[in-house]
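Colleague: One structure is given below, represented as structure tokens, and several questions about it will come after.
The numbers here are math on the coordinates, done by the rules we state, and not lab data. This structure is a prediction, so every number in the text was calculated from the model and none was measured. Please note: Cβ atoms are built from the backbone with ideal geometry, for glycine as well, and neighbour counts cover all protein chains shown.
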């Protein structure tokens, strides 16, 4: 049953071919046997109670959602009432959340069964997969390399769905490297209430799954305006359940400059993807961005790094060892409490973020770095908006496809900067994007990524739904 | 050489909202420590600020009554610094684009009774919305400190003046005027003793005629007018001594006022000032304020003190001084207006309020005591006097009882036999007795010592135990003396 996609699994549970209880039990036992360190811990008691409750409801013919009874993994940056939530940091190793994130309330109301917490980069920084206090997670498709834990959990068929936050874009990158799907919604479509904050102006909780249909169904459940999030979009439209039959109505712009940077991998992946989409009736055109635009987009990664550092540095400043979180063993003064707790409990990449963020926000550098980054961000948004007036969506790589080796953190941190080049445009603009696997045409899986205009998740859904070949995961 | 004193004020006012600026916790004063606290108030991750619309209403009102421009778009920024009373280690404020800019208010620069009041215009640079911090409580005889987050997140407006004050009296008059109009507008109760109104005072001195300003010191967090006046005097002397006698080298710095020892202490200099790493708060969309919103706040404002004062002068012919005193204090004005509605003797009402009520309040040093006198009872008391049912001396006793014991004027007069004796026959008898008992005084009077009549009057009133109707005694006494 663990190889079923979420919608099929939910169907079988609804028809009572399977019970949510036995699915949850099976899932928990497979997680226990996991060797890739996808999960930090499981919550068997609450999961089994919730599963029983859903079974009882379904027996009465009361089905709260198309995903009722399906197990789901929760990233460790999303707060669940009464659960320990560490955000991958020693700082929050003892932190128990007193409240639920809005997405948690929504999935519980929809009858999904949270089974445990997946590993995460510390507070979502860097995106290399090796900055977590609790250790690294390995890629099930290639255990000498790293992967994001949510993507790895789906790739190794531990759970069919996961909720996790896309910060710098690592969820899309690792989806492409594990043969899974990650759907990053429009900024403001999903409430950030209860998400441990890092890049407040850009990060979004998204849906990870094995199929685009599963992620679309999950997005329908978690999306919607939340009065507790001031940046939410009122009246967010949800994705209609009926997918299109073909792609004849779609014009897809190929961001050629991005593909040529990837050499043979890029050319081969693009050729293969173009053939598939053309066969489905889509119109594909090269969308060579004018020189000036290329320069701006080329700066996207740097702009995002600056904004992320500024906001991260500020968001992490609440952790001072005083109210909650890690308290150092020894301190003589008030300042010692903060300095020692932060020195002893933050990891390398978080410390780098704090240093870099303090630098770019300091009065002397503010204009040269932070304000410039905001300017680049506005230009990127304008240029994406302009391109998306001509095209229904843009096709760009999801990553370089370069693997993250499990013993090389310094090189991995550098590689993240390069990979962010591909994810930063949609992140900075707040546009929806989906990363999907590409067949391994070479040694490297760069993956494919589609970017649509705000609130046009439907287009992404149609394209990936019709164009992805058979699952790449065993 | 005489130096010119230059003062600018930053006045912080806690707004009178039910809940905090960005969460639904109560913003009330006086709760048990950490009673009004939620996860957001203690800086936990995952909470997002949702702006309290009522606080924006009140900030707009503050801008309107200080003649500011209300900006169609303002932005919330984050101000970063580490201190345990600040739960997230950043304060949400408006640094780059505040809600109100470029206003002014007129203050009275002399307030003696005789001369007409002169005013001076003080320019206001800006008003911005921000959240308050919590409080650290230092346990006595211990090295422990506790944190109380009740105040964390309470909405404030900070009103920043231009450096337009030239003496302490002007600064005090400005704070009093602000307090008056902000109370009128319902922005705040402005209780300095509870910390809902506090001021940072910027002080420098320069030679008369200088265009540029001298080195500035800023005294933080002052919450008493007397202390502000003393601090300004102290700083003036310190600056002048530094320049004239070379007692020290002046540097731009933040200082703390110690009211017990009557001196200020340096806290930090500009060189080691904190860089607050200001940047726009991405969790709060820009605040857009429509003309309609401004109009609805403006329409809800009551008659403001300057308008009220002018009306008292034209409509009731009250003096400049009396009008200013009553109109300047919303509680007094409310009592005055309500009493006028019940009994049309405005001058008399004003005299009772200024002569008696204010004196008692000043004696008790209790601004809230206005509430002890209500309009119907005050009107009744004045009616008793004007119809000669009690004399003025007794009326003052009744008023004191109304103030101290919440007494009803009629009941009190009855209980204590304060009604005037105005029965001609009885009073005539008393006067005859007095005249017979004091032949010397009668003789004095008749020989031209008119003061002797006052003595006889006093004797008669004493015999009547103070309750005689003075007009009747006077008339009958004059008749009897011929």
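Colleague: Just to be sure I understand the model, the point goes 7 Å from the Cα along the line to the Cβ. What's the resulting residue A:245 to residue A:81 distance in nm?
Modeller: It works out to 4.7 nm between the two label points.
Colleague: Based on other C-beta atoms within 10 Å, arrange B:349, B:107 from fewest to most. Numbers along the way, then the final one.
Modeller: Values: B:349 25, B:107 22.
Least crowded to most crowded, the residues run B:107, B:349.
Colleague: Something else about it: How much length would be gained if the chain were fully extended between residue A:331 and residue A:407, taking 0.36 nm per residue of separation minus their Cα-Cα distance, in nm to one decimal? Mind dumping the intermediate values first?
Modeller: Working: separation 76, 0.36 × 76 = 27.36 nm, distance 3.42 nm.
Contour length minus the Cα-Cα distance gives 23.9 nm.
Colleague: What is the fewest-to-most order of B:179, B:298 by other Cβ atoms lying within 10 Å of their Cβ?
Modeller: Working: B:179 23, B:298 13.
Going from least to most buried by this count: B:298, B:179.
Colleague: If contacts are Cα pairs under 8 angstrom and at least 6 residues apart, what is the relative contact order of chain A in percent? Don't skip to the end; give the middle numbers.
Modeller: Numbers: 1066 pairs, mean separation 85.2, N = 474.
Answer for chain A is 18 percent.
Colleague: Same structure again: Does anyone have the angle between helix B:53-65 and the longest principal axis of chain B? Alpha-carbon axes, 0 to 90°, nearest 10?
Modeller: 60 degrees
Colleague: I've got another one for you. State, as an integer percentage, the relative contact order of the stretch B:128-178 based on alpha-carbon contacts under 8 Å between residues 6 or more apart.
Modeller: Details: 53 pairs, mean separation 17.9, N = 51.
Taking the mean separation of contacting Cα pairs over the length of the stretch B:128-178, I get 35 percent.
Colleague: Taking square-rooted eigenvalues a ≥ b ≥ c of the alpha carbon gyration tensor, is the stretch A:71-219 rounded, prolate or oblate, where a/c under 1.5 means rounded and, failing that, a/b exceeding b/c means prolate?
Modeller: On the way: a/c = 1.38, a/b = 1.10, b/c = 1.25.
Taking the square roots of the gyration eigenvalues as a ≥ b ≥ c, the stretch A:71-219 is rounded.
Colleague: Ignoring everything except DSSP H segments at least 4 long, calculate the 222 nm mean residue ellipticity for chain A; use -39,500 (n - 2.57) per segment, divide by total residues, nearest 500. Write out the running numbers ahead of the final one.
Modeller: On the way: 16 runs with 196 residues, N = 474.
It lands at -13000 deg cm²/dmol.
Colleague: Please label the shape of chain B as rounded, prolate or oblate, based on the square roots a ≥ b ≥ c of the eigenvalues of the alpha-carbon gyration tensor (a/c under 1.5 means rounded; beyond that, a/b larger than b/c means prolate, else oblate).
Modeller: Working: a/c = 2.51, a/b = 2.03, b/c = 1.24.
In terms of gyration-tensor shape, prolate.
Colleague: Something else about it: Is the C-alpha gyration tensor of the stretch A:141-297 telling us rounded, prolate or oblate? Criteria: a/c under 1.5 is rounded; beyond that, a/b larger than b/c is prolate, otherwise oblate. Don't skip to the end; give the middle numbers.
Modeller: On the way: a/c = 1.45, a/b = 1.31, b/c = 1.10.
Rounded shape, in that the Cα axes give a/c under 1.5.
Colleague: Which whole-number percent gives the relative contact order of chain B, counting Cα pairs below 8 Å spaced six or more residues apart? Write out the running numbers ahead of the final one.
Modeller: Values: 845 pairs, mean separation 66.6, N = 482.
Relative contact order, chain B: 14 percent.
Colleague: Moving on to the next point. Any idea what angle helix B:168-184 forms with the longest principal axis of chain B, computed on alpha-carbon atoms, 0 to 90 degrees, nearest 10?
Modeller: With both axes taken from Cα atoms, the answer is about 90 degrees.
Colleague: Another one. Using the alpha-carbon atoms, what tilt in degrees (0 to 90, nearest 10) does helix B:225-245 show relative to the longest principal axis of chain B?
Modeller: Here the helix axis deviates by roughly 60 degrees.
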